[in-house]
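Asker: My structure is below; once you've seen it, I'll send some questions.
The values are calculated or read from the model by the stated rules, or taken from the named source; none is laboratory data. What you see is a predicted model; the values in this text were computed from it and never measured. For neighbour counting, all protein chains shown are included, and Cβ atoms are generated from backbone atoms with ideal geometry for every residue, glycine included. Quick note on the areas: whole protein, heavy atoms, side chains included, nothing else; ligands and nucleic acids left out. Shrake-Rupley method; radii C 1.70, N 1.55, O 1.52, S 1.80 Å.
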Amino acid sequence: TQGRSDLMSIREKIILHQGDLTEMDVDAIVNAANNDLQLGGGVAGAIRRKGGETIQRECDAIGSVPIGGAAITSGGNLRARFVIHAASMQLGGETTARALQTSTAHSLRIAAEKQLRSIAFPAVGTGIAGFPLTECARIMLHEAAEHLMGRTSLEKIYFVLFDAGALAAFEKVFREMEARGELGDAAAGRHA
């Protein structure tokens, strides 16, 4: 069984934050990408504008990735050292729950393979792709908690949400997970 400090730490390692993903000073930010890695609108467009053309050139060199996959490039001119491109949809397509789940898991795995300590995600698929916010929060927070239960270099997983509504949706799901003991809260069982 895990020690108490390990159990407590999952809650502390997931940070919900309202703000601008492209301004995050972390090892990697995650781009809500299409599988052709074309940085178009939304989060990807902002990453391209602030990070510079280097990122798109590196994406072009990678080519396409499978839907539900992910790829890593440098962060260009961003504060983040890397951009991990979570391919949750086809260009102009929709995000599915399965693609969101696997692209989130792949992104976390890539970060851990690179020995990164911090990563920041947007609410992938909820912008242009129109994926429901609460379902997005459930899938992404579940993947983050699952990842942190295993061996990983990651110490902080940020979810950087664009507005108060998105932040509230993620906070509500986070509290529900906490109440169900999915964030490793051993104390909840003992006081029942």
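Asker: Report every pair of residues separated by at least 6 positions or lying on different chains whose Cβ atoms are under 7 Å apart, first residue within the stretch 51-69 and under 14 Å from Asn35 (Cβ atoms), second in a helix (DSSP H, G or I).
Answerer: Ile67/Ala99; Gly68/Arg98; Gly68/Ala99; Gly68/Thr102; Gly68/Ser103; Gly69/Ser103; Gly69/His106
Asker: Of (1) surrounded by 16 or more Cβ atoms within 10 Å (Cβ to Cβ); (2) out of contact with any Ser or Thr (no Cβ under 8 Å at 6 or more places or on another chain); (3) small (Gly, Ala, Ser), Gly63 satisfies all except one. Which?
Answerer: Result: Gly63 passes all but (1).
Asker: Against the definition (farther than 28 Å from Glu182 by Cβ and surrounded by 14 or more Cβ atoms within 10 Å (Cβ to Cβ)), how does Thr73 come out, yes or no?
Answerer: Yes, satisfied.
Asker: Follow-up. Filter the stretch 31-52 down to the residues that are at positive phi and hydrophobic (A, V, I, L, M, F, W, C) and list them by number.
Answerer: Leu37
Asker: Ok, one more. Quick check, is Ala179 of a type in the set (A, V, I, L, M, F, W, C), open to solvent by 50 Å² or more (accessible area, probe 1.4 Å) and over 17 Å from Ala28 (Cβ atoms)?
Answerer: yes
Asker: Sticking with this one: In the stretch 150-167, how many residues are surrounded by 15 or more Cβ atoms within 10 Å (Cβ to Cβ) and over 16 Å from Val30 (Cβ atoms)?
Answerer: 1
Asker: If you go through the stretch 79-92, how many residues are part of a loop (DSSP other than H, G, I, E, B), open to solvent by 10 Å² or more (accessible area, probe 1.4 Å) and under 20 Å from Ala112 (Cα atoms)?
Answerer: 2
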